[in-house]
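A quick write-up on the structure given underneath.
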Amino acid sequence: MNATRIILAGALLTSGYAVYAKPAAHSPAPTAAELVAARQAGMDMSASSLTLLKNASTNGVPLKNLAFPAGGLAKWAAALPTLFADSTKGAKSDAKAEVFTDRAGFNAKAKVFVDATKALAAAAAADDKPAFEAALASTGAACKGCHDAYKVPPPAKPG
């Protein structure tokens, strides 16, 4: 009899919970402006990280100490192309239209950046100075190559 009451009470509690339980609310997808803001912030952090890595290496910081920022840069490189969603085509940004009309070319340049930053992170973790220096140069060249092709240049300074 007691077991029956316990089972009945448990069933009532469970069904009561089911009545009041609500599915988790889903966050809306980021707006085009939010995606542009995220990629611009990431680009700024990417430039800062690359400068930090160059300066630290030049000043003799042990490469193993640079593995974390180098790894973060590699993670950013892998995520970067997703922030150029088609929904951002008309959003105000420095991205040229070719980012969207030449998606294959853009993705190829993004892969060069990904590969360079992975090599940079691996070289830092391995404490391999020659490989690190080569990967720094490759990473910088990958940034420049993509910006030259897909970023609107800043306005010329007067004078």
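Express in nm, to one decimal, how much length is gained between Lys157 and His26 on full extension, taking 0.36 nm for each residue of separation and deducting their alpha carbon distance.
Numbers: separation 131, 0.36 × 131 = 47.16 nm, distance 4.58 nm.
Result: 42.6 nm gained on full extension.
All other residues with a Cβ under 14 Å from the Cβ of Ala122 taken together, and with Lys, Arg as +1 and Asp, Glu as -1, what is their net charge?
0
Once fully extended, how much extra length lies between Ala108 and Lys54, figured as 0.36 nm per residue of separation less the alpha-carbon to alpha-carbon distance?
Stretched out fully, the Ala108 to Lys54 stretch lengthens by 17.0 nm.
What does the charge add up to near Asn59, with Lys and Arg as +1, Asp and Glu as -1, over the other residues with Cβ less than 14 Å from its Cβ?
Net local charge, Asn59 excluded: +1.
Starting from 0.36 nm per residue, how many nanometres of slack lie between Glu133 and Ala149 once their C-alpha separation is accounted for?
3.3 nm
Over 21 Å, how big is the tail of the calculated P(r) for the range 30-150, in percent of all Cα pairs?
Tail of the P(r) past 21 Å holds 37 percent of the pairs.
Which of the lysines could be linked to Lys118 by a straight reach, that is with a Cα gap under 19 Å, when you skip same-chain ones fewer than 8 residues away?
Lys54, Lys64, Lys75, Lys109, Lys129, Lys144
Readers should treat all values here as calculations from the given coordinates under stated rules, not as data from a laboratory. Predicted model, so just to flag it, every value in this text is computed and none were measured. For neighbour counting, all protein chains shown are included, and Cβ atoms are generated from backbone atoms with ideal geometry for every residue, glycine included.
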